[in-house]
Amino acid sequence: MPSDTVGAGAVSPGQIAAAATALMPELFEEIALAADSLADDLAERLGMVAWEREEQIGAAQRRLIELRARRFHRFGGDPALVRELREQPLEALELAWRALRRGRRVHVESEVGACPGVFRLLRNMSDRLEPGVLTVSAPGILDHAHADWQAIGVRRRSERVALVQADADRELAAYVLARGCLRRTGFDPRVVHRVIVVGRSERLERTLRRLWIGARMGPVDDEHAFAGPVDEPRAERFLAVEAAWRAREQVTTLCPGGRLERADALGQCFLAPALFRVPSPAQGGELPTGDPEPCGPMLIVYPARTSAEGEALLDHFAPRNQGRLRFGEKPRDLSLRSIDGQIHGALLVERLPPGLPEPRP
């Protein structure tokens, strides 16, 4: 069991918590000063376009603002180990500072290829705390003296499965699905590759197809792009899976995928998203098994005639440890988990990210 002290004269949990609280204004200032370099890292390493970089940095700031408003009444605990994940940048910041606010010593490590801006930022902040309170490993160094400390995250996100209930707004669902499936060109950790539609699916499919054709894929410095380029291995994987889906019996291709070329980004690889429909068991299809695993900017639509059929398909595709994204009013007897989402309401045009066609009047 790791010791909760650094040795003789070590700072107490209460002192760590007080110091972390007092340093929060400086932490916000450091993030603001580092915003441009953080954005450059996100563009270079993950291919994030402008709106997504701003959203990612803003989300990290919002989490810290919420943390600043929290009050902790008990301090102490085992030293904490926080890992920054390559595909979930900046999420380690709030976790690390929350542990400090609770009076725990913290060590932060980073996966290979993770955003180095977090390393630089926390290294700067560690110099303003007592020695040993906050330590940081260089990116990619996971074998270190604190590797046996209690790991507290970041929790890896997983692919979600969507269910469009009979009462859902089809236009709202289509735009949220486009965001969930196409952002980061379909390689976001919380991507949506499958959607179950209760009732008639034609209107949803028409809107999805218009979004799939109209979504702007461009270089990371294109302020009007919705998603950016991908590397060649990911492109080849997507094209192989897309071809496999098109070749399957009973699968209707609503929008074929492929490569895109842009004259202003020669040498970069862009993908046209794919959209497929698979008949439900009640429509003559069989319960899906053995399908190629979707990847990249690809969405599979599964129409369901009844709510019970939709729920059965949701249970089939999304076991209990997988996230579920529902559209429509929350059923009274439904309990949502922390990894689930329920979206109900109207589409807010002013909140749409760049690069998607505007709704038709």
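Given the protein chains as shown and a 1.4 Å probe, how many square angstrom of PHE317 are accessible, to the nearest 10?
Its heavy atoms expose roughly 30 Å² to the probe.
Would you mind checking the tilt of helix 13-22 against the longest principal axis of the Cα atoms of the chain, expressed as 0 to 90 degrees and rounded to 10?
Computed tilt is about 70 degrees.
Provide the descending list of Cα extents for the range 13-153 along its principal axes, expressed in whole angstroms.
Cα spread of the range 13-153 along its principal axes, largest to smallest: 41, 34, 22 Å.
Quick check: pseudo-label points 7 Å beyond the Cα along Cα→Cβ at ARG259 and ARG71, how many nm apart are they?
6.1 nm
How long is the gain from ASP333 to ALA151 if the chain were fully straight, where each residue apart is worth 0.36 nm and the alpha carbon distance is subtracted?
62.1 nm
With an 8 Å Cα cut-off and a minimum separation of 6 or more residues, compute the relative contact order for the chain in percent.
Once normalised by length, the contact order is 17 percent.
So what's the angle, to the nearest 10 degrees on a 0 to 90 scale, between helix 202-214 and the longest Cα principal axis of the chain?
On a 0 to 90 degree scale, this one is about 60.
Sort the following peptides by mean Cβ neighbour count (other Cβ atoms within 10 Å, averaged over residues), highest first: 165-175, 256-266, 121-131, 192-202.
Peptide ranking by packing, descending: 192-202, 165-175, 121-131, 256-266.
Sort GLU44, GLU236, GLU91 by heavy-atom solvent-accessible area, probe 1.4 angstrom, most to least.
Ranked from most to least accessible, the order is GLU44, GLU236, GLU91.
Give, as ranges by residue number, the residues of the range 246-266 whose backbone N falls under 20 Å from the point 7 Å along Cα→Cβ of HIS316.
246-254
Which one of PRO233, PRO79, PRO13 has the biggest mean-square fluctuation once the chain is modelled by GNM with Cα springs under 10 Å?
Highest fluctuation of the listed residues: PRO233.
In terms of solvent-accessible area of protein heavy atoms at a 1.4 angstrom probe, what is the ranking of GLU232, GLU87, highest value first?
Highest to lowest solvent-accessible surface, that is GLU232, GLU87.
Could you tell me the largest-minus-smallest coordinate of the C-alpha atoms of the chain on each of the three principal axes, in descending order and whole angstroms?
Cα extents, longest axis first: 73, 53, 40 Å.
So what does TRP149 come to for accessible area, using a 1.4 Å probe and Å² rounded to 10?
Surface accessible to solvent at TRP149 totals approximately 20 Å².
Per-residue ellipticity at 222 nm for the chain, helices alone: DSSP H runs ≥ 4 residues times -39500 (n - 2.57), over residue total, nearest 500 deg cm²/dmol?
Here the helix-only value at 222 nm equals -11500 deg cm²/dmol.
From the P(r) of the range 261-350, can you give the percent of Cα pairs sitting at distances over 22 Å?
Pairs farther apart than 22 Å: 47 percent.
Given the convex hull over the Cα atoms of the range 161-351, what projected area results after averaging over all orientations, in nm²?
For the range 161-351, averaging the hull's shadow over all directions gives 11.1 nm².
Read phi for every residue in the range 328-341 and hand back ³J(HN,Hα) as whole Hz from Karplus 6.51 cos²θ - 1.76 cosθ + 1.60, θ = phi - 60°, with x for Gly and Pro.
x, 6, 5, x, 4, 8, 9, 10, 8, 8, 5, 8, 9, x
The values are calculated or read from the model by the stated rules, or taken from the named source; none is laboratory data. Keep in mind it's a predicted model, so treat the numbers as computed, not measured. Note that we place each Cβ from the backbone using ideal geometry, even for glycine, and neighbour counts take in every protein chain shown. Please note that ligands, DNA and RNA were not included when accessible areas were found on the heavy atoms of the full protein model with its side chains. Shrake-Rupley method; radii C 1.70, N 1.55, O 1.52, S 1.80 Å.
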